[in-house]
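**Student:** Below is a structure I'd like to ask you about.
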Amino acid sequence: MDLTIALISIAALVVVATAAGLLWRRRDGRARAIDSAEVVDPRRLGADGLGEEATLLQFSTEMCARCPGVHRMLSEVADARDGVRHLDVDLTHRPDIAQHFRVLQTPTTLVLDRRGVVRTRFGGTPGRSVVELELDTLKKEAARA
């Protein structure tokens, strides 16, 4: 009877772990709209300013394997668009910033509007087309205002 309970417990643990892993993978790299009134101060991040139209704020760490690829992609997107700036903040020695922005994984990317308000959050590796779509949305909103 003890062996049966142990096997059932192991099977249940495997099912729960698999479900959690699939959920985590499903959410990885997806855009989440943020309802925030906070204006990000670039000086706190070690930057001299934000982009005139938008800012792609990437949080990385030294040990992050995916961060260099995301850095290249975000830099290319920012370089191809007028008024968009890419900032990469290394959180390895800045737990205060990680805690403030609730960064639980790297890379994490925030899309800021021209005022520095967080509009979108990506946990994990965002797709280039999704980042460009978010920037297009900000540009359309700015044109209407």
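All of the numbers you see were taken from the coordinates with simple rules; none came from a lab. The structure presented is a predicted model; accordingly, all values stated were derived computationally and were not measured. All Cβ positions, even for glycine, are placed from backbone atoms using ideal geometry, and neighbour counts span all protein chains on display.
**Student:** Compare the peptides 40-47, 68-75 by average per-residue count of other Cβ atoms within 10 angstrom and give them in order, highest first. Let's see the in-between values first.
**Tutor:** Values: 40-47: 14.1, 68-75: 16.9.
Answer by packing, highest mean first, reads 68-75, 40-47.
**Student:** Using Kirkwood radius over Cα pairs in Å as the read-out, say which of [x] 19.5; [y] 16.7; [z] 17.5 was calculated from these coordinates.
**Tutor:** Derived directly from the coordinates: [y].
**Student:** Follow-up. Go ahead and set up a Gaussian network model of the chain, Cα springs under 10 Å, then flag whichever of V111, V131, V89 fluctuates most.
**Tutor:** Top of the fluctuation ranking is V89.
**Student:** Follow-up. Using every alpha carbon pair in the stretch 36-114, what percent of pairs falls into each 10 Å bin from 0 up to the bin containing the largest distance?
**Tutor:** Once binned at 10 Å, the Cα pair distances of the stretch 36-114 give 19, 53, 27, 1.
**Student:** Tell me which GluC sites (Glu not before Pro) from the stretch 50-145 have a DSSP coil assignment and no more than 13 other beta carbons within 10 Å of their own. Before the final figure, lay out the partial values.
**Tutor:** On the way: sites: E52, E53, E62, E76, E132, E134, E141; in loops: E52, E53, E62.
In loop regions of the stretch 50-145 (DSSP not H, G, I, E or B), the sparsely surrounded GluC sites (Glu not before Pro) are E52, E62.
**Student:** So for the chain: antiparallel DSSP bridges make up what percent, rounded to the nearest 5?
**Tutor:** Working: 15 of 22 bridges.
Given both bridge residues lie in the chain, the antiparallel proportion sits at roughly 70 percent.
**Student:** Comparing T55, T18, T106, which has the greatest mean-square fluctuation in the GNM of the chain with Cα pairs linked when under 10 Å apart?
**Tutor:** In this elastic network of the chain, the residue with the biggest mean-square fluctuation among T55, T18, T106 is T18.
**Student:** Just D82, D48, D90 to compare: in a GNM of the chain, with alpha carbon springs under 10 Å, which one fluctuates most?
**Tutor:** D48
**Student:** Another one. Note down the magnitude of the dipole of the chain about its Cα centre, charges +1 on Lys and Arg C-beta and -1 on Asp and Glu C-beta and zero elsewhere, to the nearest 20 debye.
**Tutor:** For the chain, the charge dipole is close to 320 debye.
**Student:** What does the helix-only formula give at 222 nm for the chain: each DSSP H stretch with n ≥ 4 adding -39500 (n - 2.57), the total divided by the residues, and the result rounded to the nearest 500 deg cm²/dmol?
**Tutor:** -14000 deg cm²/dmol
**Student:** Okay, moving on. Sequence-distant or interchain residues sharing an amide H contact under 5 Å with D90, placed H: which?
**Tutor:** Under 5 Å from the amide H of D90: S60.
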